[in-house]
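What follows is calculated from the coordinates using simple rules that are stated; it is not laboratory data. What you see is a predicted model; the values in this text were computed from it and never measured. Because the Cβ atoms are built from the backbone with ideal geometry, glycine has one as well, and the counts that use them run over all protein chains shown.
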Amino acid sequence: MTAGTFLIALTLVVLVLLLWHLRWVLLVLFGAVVVAVALDVLIVQVQKRTPLERPQALAAVLGISLLAGGLLGQLLVPELISQFQQLGRDLPQLVSKVSDLLSSEPRLAQLNDAFGEGLNLKGLQPLLGFAGGAANSLIQPFLMVLLAILLALDPSAHRRMVVAMTPRPARERMEHLLDECRQALGGWLSGMTLSATTVFLLTWGGLLLLKAPLALLSALICGLLTFVPTIGPTAATLLPTGLALLHSPQLMLSVLVFRLVLQNLEAFLLTPLLLRKTVNLLPTVALTAQLSLGALLGLPGVLLALPLVVVLQVLMQRVVVQQIMDRWA
């Protein structure tokens, strides 16, 4: 190994270690880019319909978002608080109910023992401590939103900075690459937002018709977890199904069938229809990315796995496939 090769290898190792130590900074920065793209989609729509300049359009988008959030908060927050309190009272009953069902079947006795040990108060203490620590870590979301607003205020300056850091022969290709990443990420965000809103409204209406308990809270969780495909909708189904079990097995079965039908409609019809012109993620790629980033970064990694894969898919197609693999002699 020559001295030059050793120096390059050492530089790469140091760079990888540095990136690993700065992973939370990079995660916040990428989250800010995702939020900035979401703001940019709205800003572009405002500028198409009004003569406002970009700073005024950004202020209008933020004002409308705060106003809409305040109105929704007045309508939904009191009911959500009440349902959260009810959920706290129902969870011990649900644990006891499931434990009784498992103990009634001899073949499931071992599972019942594991279930009981995993859901006692001592077992929940680490989870509650983690949740409390996450709730106290408000600085990262605040920085993410602040960075997103700064990025959305003047994206062209940041774009020029990235292009300027690119070697001159590749600058035009970098501009096209940034455009494609912006289009793919914006399309994914728009499609998933519409999909999540639809799932929330349909779940809320369906659970109300079935007279299921805590319909609003369950529907909100189902809508939010739509942004985490494969894992999210399946995990979200557990809450309304378990709460329905407290009332009757028939209601539980009705809620389960309703959620399975709605989940399949969302996964195989609604989301592909909304995303057909922007991005097409294979379920295996999406799930692998969620598991990998979840293992490395925890819950934030799971939440940002899909937008990161959307961007990486564009980079892989345009850089690795077209510039390297297709030209391999």
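For Leu178, the shell of other residues with beta-carbons less than 14 Å away shows a net charge of +1, using +1 for Lys and Arg and -1 for Asp and Glu. Ordering 13-23, 219-229 by mean Cβ neighbour count within 10 Å, with the highest value first, yields 219-229, 13-23. Angle of helix 155-164 to the longest C-alpha principal axis of the chain, folded into 0 to 90 degrees and rounded to 10: 50°.
Here the gap between Leu62 and Ser292, fully extended at 0.36 nm per residue and compared with their Cα-Cα distance, gives a gain of 79.4 nm.
Classify segment 242-297 from the C-alpha gyration tensor, please: rounded if a/c falls under 1.5, else prolate or oblate depending on whether a/b exceeds b/c. Oblate, since a/c reaches 1.5 and b/c is not below a/b.
Secondary-structure-derived ellipticity at 222 nm for the chain, considering helices only, amounts to -27500 deg cm²/dmol, per-run term -39500 (n - 2.57) for DSSP H runs with n ≥ 4.
The charge dipole of the chain, taken about its Cα centre with unit charges on the Cβ of Lys, Arg, Asp and Glu (plus for the first two, minus for the last two), comes to roughly 640 debye. Largest GNM mean-square fluctuation among Lys48, Lys97, Lys211, using the chain with Cα springs under 10 Å: Lys48. Where a ≥ b ≥ c are the square roots of the eigenvalues of the C-alpha gyration tensor, would you call the chain rounded, which needs a/c under 1.5, or, failing that, prolate if a/b is larger than b/c, or oblate? Judged from the Cα gyration tensor, the chain comes out prolate (a/c at least 1.5, a/b above b/c).
For Met161 and Val98, a Förster radius of 51 Å and the Cβ-Cβ distance give a FRET efficiency of 0.40, rounded to the nearest 0.05.
Note on the chain: GNM, Cα springs under 10 Å; of Ile139, Ile149, Ile43, the largest mean-square fluctuation is that of Ile139. Considering only Met316, Met165, Met252, the mean-square fluctuation computed in a Gaussian network model of the chain, springs between alpha carbons under 10 angstrom, is largest for Met165. Seen against the Cα atoms of the chain and their longest principal axis, helix 215-224 is set at about 20 degrees. Compute the acute angle (0 to 90°) between the alpha-carbon long axis of helix 299-315 and the principal axis of greatest extent of the alpha-carbon atoms of the chain; round to the nearest 10°. In the chain, helix 299-315 runs at an angle near 40 degrees to the longest axis. Here each label is just a point 7 Å from Cα along the line to Cβ, and for Val13 and Gln323 those points are 2.8 nm apart. Could you tell me the calculated FRET efficiency between Gln45 and Leu76, based on Cβ-Cβ distance and R0 = 35 angstrom, to the nearest 0.05? According to the calculation, E is roughly 0.90.
Of all trypsin sites (Lys or Arg not before Pro) in segment 224-326, which ones are in loop regions per DSSP and have a Cβ with at most 16 other Cβ atoms within 10 Å?
Qualifying residues, ordered by number: Arg276, Lys277.
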